[in-house]
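Chemist: One structure is given below, represented as structure tokens, and several questions about it will come after.
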Amino acid sequence: MKAYVAAFLCLLFCHDARSCESDGSARVVSKETVELRSAVQEGSFYYRVGQHAIFVDRHEFTAVLEKALAFPANGADQRLSRKLHGLPSTGEAVDAFALGLDDPSLLGRIELHLAALLERGEATVINVYVFPGDSGRVVQTLTILRLESSAWEGRQFCTSSGEVLWEITDVIV
């Protein structure tokens, strides 16, 4: 039965996945592979990216944010810090995207901090269309490409199958 449901969901949601490589508009500066965590920790922040959800430890996310606050002040990081400190500590997962709904400038900062944790392997990534316990639900490794063009610098986070999970623009030159 699970196979039929999975096939039906794939018909609805599957699409041609983009390949993890530069399309020629940017050059690959570096490429590395990181191992990810295999379990979601209690009280995590999560962020939905396509058919995947990225989970990071709330305290580790806050630590990355606090480190960013040590540099010249970024107003969005300051507002995000106040918002995080105001959240109740219930042990339930918190939707990181929802934190930026009333202040869109927070979304870019949330994404950069999540990307920093992903790059260090301090995250769990799951495919939300695969049933819990089934093979392929938890993404075990990511390949990270650092890309550079004359107009921007960024990163691609790719699954072991070569599918682009997420793209981040770090700098617009």
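Chemist: Looking at (1) of a type outside the set (Ser, Thr, Tyr); (2) surrounded by fewer than 16 Cβ atoms within 10 Å (Cβ to Cβ); (3) touching a Lys or Arg at 6+ places or on another chain (Cβ under 6 Å), can you tell me which one Ala76 breaks?
Modeler: Ala76 satisfies all of (1) of a type outside the set (Ser, Thr, Tyr); (2) surrounded by fewer than 16 Cβ atoms within 10 Å (Cβ to Cβ); (3) touching a Lys or Arg at 6+ places or on another chain (Cβ under 6 Å) except (2).
Chemist: Next question. I'm trying to understand the selection: among the residues of the range 84-103, which are assigned to a loop (DSSP other than H, G, I, E, B) and not β-branched (Val, Ile, Thr)?
Modeler: Gly86, Leu87, Pro88, Ser89, Gly91, Glu92, Ala93, Ala96, Phe97, Leu101, Asp102, Asp103, listed by residue number.
Chemist: Which is more than 17 Å from Glu167 (Cα to Cα), among the hydrophobic types (A, V, I, L, M, F, W, C), free of Cβ contacts under 8 Å to residues at least 24 places away in the same chain and not assigned by TED's automatic domain parsing to the domain that holds Val29, of Ala93, Ala98?
Modeler: Just one listed residue meets the conditions, Ala98.
Chemist: Only one residue in Leu69, Leu117 is in contact with a helix residue (DSSP H, G or I) (Cβ under 7 Å, 6 or more places away or on another chain), at pLDDT 90 or above and crowded, with 17+ Cβ neighbours inside 10 Å, so which one is that?
Modeler: Leu117
Chemist: Would you check if there is a residue in the range 115-129 being within 16 Å of Val49 (Cβ to Cβ) and either acidic (Asp, Glu) or touching a Cys at 6+ places or on another chain (Cβ under 7 Å) (or both)?
Modeler: yes
Chemist: Just to be sure I understand the filter: pairs with C-beta atoms under 9 Å, separated by 6 or more residues or on different chains, first member in the range 139-157 and outside the structural domain of His52 (by TED's automatic domain parsing) and closer than 17 Å to Gly50 by Cα, second member of a type in the set (Lys, Arg) and crowded, with 20+ Cβ neighbours inside 10 Å. Which pairs pass?
Modeler: Sorted first by the residue in the range 139-157, then by its partner, the list stays empty.
Chemist: Does Leu106 fit the bill of being surrounded by 14 or more Cβ atoms within 10 Å (Cβ to Cβ), without any contact (Cβ under 8 Å) to a residue 40 or more places away in the chain, outside any strand (DSSP E or B) and assigned by TED's automatic domain parsing to the domain that holds Thr62?
Modeler: So Leu106 fits the description; yes.
Chemist: Kindly list the number of the only condition in (1) of a type in the set (A, V, I, L, M, F, W, C); (2) assigned by TED's automatic domain parsing to the domain that holds Val64; (3) at pLDDT below 95 that fails for Ala123.
Modeler: (3)
The values are calculated or read from the model by the stated rules, or taken from the named source; none is laboratory data. Since the structure is predicted, the reported quantities are computational estimates derived from the model, not experimental observations. Note that each Cβ is placed from the backbone with ideal geometry, even for glycine, and that neighbours are counted across all protein chains shown.
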